[in-house]
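A short write-up of the structure that comes next.
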Amino acid sequence: MADHFFARLANRLGYRLEPKTDPARIKALVRRMRPMDAGPQLVRLGGAGDGGYLVPDDFSDIDACFSPGVSTSSTFERDLYERAGIRSFLADWSVESPTIDLPESVFLKKYLGIDNDDQFITLDDWVRSSVGDHSGDLILQMDIEGAEYQVLYRTPPALLARFRIIVIELHGLNRWTERPFFDFAEEALGHLLSRFTCVHLHPNNYCENFSYAGIDMPWGIEATFLRNDRVGEKAPASSFPHPLDVPNFSDRPNMALPGWWYEDGHR
């Protein structure tokens, strides 16, 4: 009765009350994302702060990196080229070009999305127009402000399998508490987790962690995945933060990965 009353009141006031996600479902998804030591050691590419990520040192025969969401930092792509000679294709409608010179790079002034028009391009069309249907393995480094769920959901499995390493900034974890949003996020991430193993997680410290039904959650998190055929003998990673992790914003406290994301005793 009380829930019905508050729902009607919220509707009159113009608010929308979403049904809440069962915390057990959130825990189950996080369990599937548990970081693993999967063989290749992790190295840091990019600057000390936002725009730098930890990735497996497994770059041989990778043809190119696709990097949607350029903003003001391209140090990841610079370091990737200097370390492994891997060229990058970058896309972002909000800027005119990368802020640094990147050898052999190609910039596209479009957002990555689920349709093709003057402002957006799909991952399928972007890859096909850039490297064709036949190439070596690829890297995807994606920071697209919440659109990552739609892109993952709509990306064909055969295209997803062309990427050896995928780095994603996952946004909106606070909305995982809303059941309709979580339903979609769970399915989108499921497409990824059926073919890839999570090898690193690092909370973004732009906001403090929040609590939902007694479980600690970051608002956003950097997640690195390695395609399963590249994974050797694996064991759960147990030391966080990683020695190479750096706070995204130096003027704010570092956000620790909550223990229940990686420790057996918390599950």
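The values are calculated or read from the model by the stated rules, or taken from the named source; none is laboratory data. Only a predicted model underlies this, so the values are computations on that prediction, with no experimental measurement involved. Heads up, the Cβs are rebuilt from the backbone with ideal geometry, glycines too, and the neighbour counts pull from every protein chain shown.
Tally time: how many residues in the stretch 172-190 are touching a Pro at 6+ places or on another chain (Cβ under 9 Å) and buried (at least 17 other Cβ atoms within 10 Å of the Cβ)?
3
Across the stretch 43-52, what is the total count of residues that are crowded, with 20+ Cβ neighbours inside 10 Å and touching a helix residue (DSSP H, G or I) at 6+ places or on another chain (Cβ under 6 Å)?
The number of residues fulfilling the criteria is 3.
Which one of the conditions (1) surrounded by fewer than 13 Cβ atoms within 10 Å (Cβ to Cβ); (2) closer than 15 Å to residue 46 by Cβ does residue 119 fail to meet, given that it meets all the rest?
It fails just one condition, (2).
Take the conditions at pLDDT 95 or above and not hydrophobic (A, V, I, L, M, F, W, C) and apply them to residue 50. Does it pass?
In short, no.
With the condition kept exactly as written, say whether any residue in the stretch 229-236 is out of contact with any helix residue (DSSP H, G or I) (no Cβ under 9 Å at 6 or more places or on another chain), in contact (Cβ under 8 Å) with a residue 40 or more places away in the chain, farther than 25 Å from residue 144 by Cβ and part of a strand (DSSP E or B).
The answer is yes; a qualifying residue exists.
Kindly evaluate residue 252 against the criterion of being buried (at least 18 other Cβ atoms within 10 Å of the Cβ) and of a type outside the set (Val, Ile, Thr).
In short, no.
Has the stretch 186-209 got any residue that is more than 16 Å from the chain's Cα centre (by Cα) and at pLDDT 95 or above? Lay out the reasoning, then the answer.
The first filter runs over the stretch 186-209 and keeps only residues more than 16 Å from the chain's Cα centre (by Cα), leaving 207-209.
Next, only the ones that are at pLDDT 95 or above stay: none.
No, every residue in the stretch 186-209 fails to be more than 16 Å from the chain's Cα centre (by Cα) and at pLDDT 95 or above.
I want to confirm something. Restricting to the stretch 11-26 and keeping residues that are at pLDDT 95 or above and surrounded by fewer than 16 Cβ atoms within 10 Å (Cβ to Cβ), which single residue is nearest to the chain's Cα centre (by Cα)?
25
Mind checking which helices (runs of 4 or more DSSP H) fall wholly inside the stretch 79-177 and carry at least 2 residues that are over 16 Å from the mean Cα position of the chain (by Cα) and touching a residue at least 60 places away in the same chain (Cβ under 8 Å)? Reasoning before the result, please.
Working: elements: 123-131, 148-154, 157-160.
Ranges flagged: 123-131.
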